[in-house]
Amino acid sequence: MKSVKQIIAILFISFLSSQAYSQISVGGQVSYLNVFGGTGLKSFGFGVKGDYALDDETVLSLGGNYYLPSTYSEFTYATAYSNFTTPSQVEVDVEYKVSFIHVYFGGRRYFVGDYEDDFGIYGLAEVGLLMAPVTTTLGEYDESQYYTTVQDGAKETLVNFTLNIGAGVEKELDFGYIFGDLKLNLPANQANGEYVPVEIPTSVSVNAGVRFPF
């Protein structure tokens, strides 16, 4: 499997070596993200996207989405300072507030219609960077007798490269094109030939929006 950097390089070289023919469009979209891995995280968001047509059937895209915060909960254990305290451990609720930022670069290929037709169906493939700022909130417990390694109010940002594959449709209207697509966002577990930890599970995103050609 090619590394993320290799895929980006191939797409960038394709962009530089494209024909003189070109057409640009910009637009916006609303999105829905569902994260797997047992988190139960689901969130709505919005984004922007720019397109550059290499020819009638092949288009490069650069875009980004922001997803509103959502939460999931679990519990941790707080341990007693003293051996004489009973019980020696208590459960403490932990709530994680997570938002997502997804930036991506890739291309789509039309299988029905093309970039300028009044109707089209396409497949897409992208590389992306998915970031997840997380804020941790602890439930109540007796801090005078118990301690936990989980810090209340702690903030961190999880990061993963992604490989996005999917398909979509679009329809021309008087003011531009409306589109909808479905993407499977797979976490990349290799970079520069080395394995890297997967911090964000696989996710699915649904996007609907409009693009305006120039």
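The values are calculated or read from the model by the stated rules, or taken from the named source; none is laboratory data. Predicted model only: the values in this text are computed from it and were never measured. Counting neighbours? That spans all protein chains shown, and the Cβs are built from the backbone with ideal geometry, glycine included. Accessible surface areas use protein heavy atoms only, side chains included; no ligands, DNA or RNA. Shrake-Rupley method; radii C 1.70, N 1.55, O 1.52, S 1.80 Å.
Some observations on this one:
- Positive minus negative residues near Ser205 (Lys, Arg vs Asp, Glu; Cβ under 14 Å): +1
- Relative protection proxy for 23-34, 94-105, from highest mean packing down: 94-105, 23-34 (other beta-carbon atoms within 10 angstrom).
- Per residue of the chain, the DSSP helices (runs of n ≥ 4 H) give a summed -39500 (n - 2.57) that works out to -2000 deg cm²/dmol at 222 nm.
- Assuming charge only on the beta carbon of Lys and Arg (+1) and of Asp and Glu (-1), the dipole of the chain about its Cα centre is about 380 debye to the nearest 20.
- Calculated FRET value between Phe44 and Ile121, using beta carbons and R₀ = 25 Å, to 0.05: 0.50
- In Hz, Karplus ³J(HN,Hα) per residue of the stretch 37-49 (6.51, -1.76, 1.60; θ = phi - 60°; x = Gly, Pro): x, x, 7, x, 6, 9, 8, 9, x, 8, x, 10, 8
- Virtual paramagnetic centre 7 Å along Cα→Cβ of Glu199, amide N under 17 Å, in the stretch 117-140: 128-136
- Residue-normalised accessible area of the chain, expressed per residue, 1.4 Å probe, Å²: 56
- Residue separation of Glu140 and Leu158 scaled by 0.36 nm, minus their Cα-Cα distance, works out to 3.9 nm of gained length.
- Distance between the 7 Å Cα→Cβ label points at Phe75 and Phe36: 2.9 nm.
- Taking the protein heavy atoms of the chain in the context of the full set of protein chains, the accessible area attributed to carbon and sulfur is 60 percent at 1.4 Å.
- Between 0 and 90°, nearest 10: helix 4-16 axis offset from the chain longest Cα axis: 30
- Label-to-label distance for Leu184 and Val169 is 2.1 nm, based on points extended 7 Å past Cα in the beta-carbon direction.
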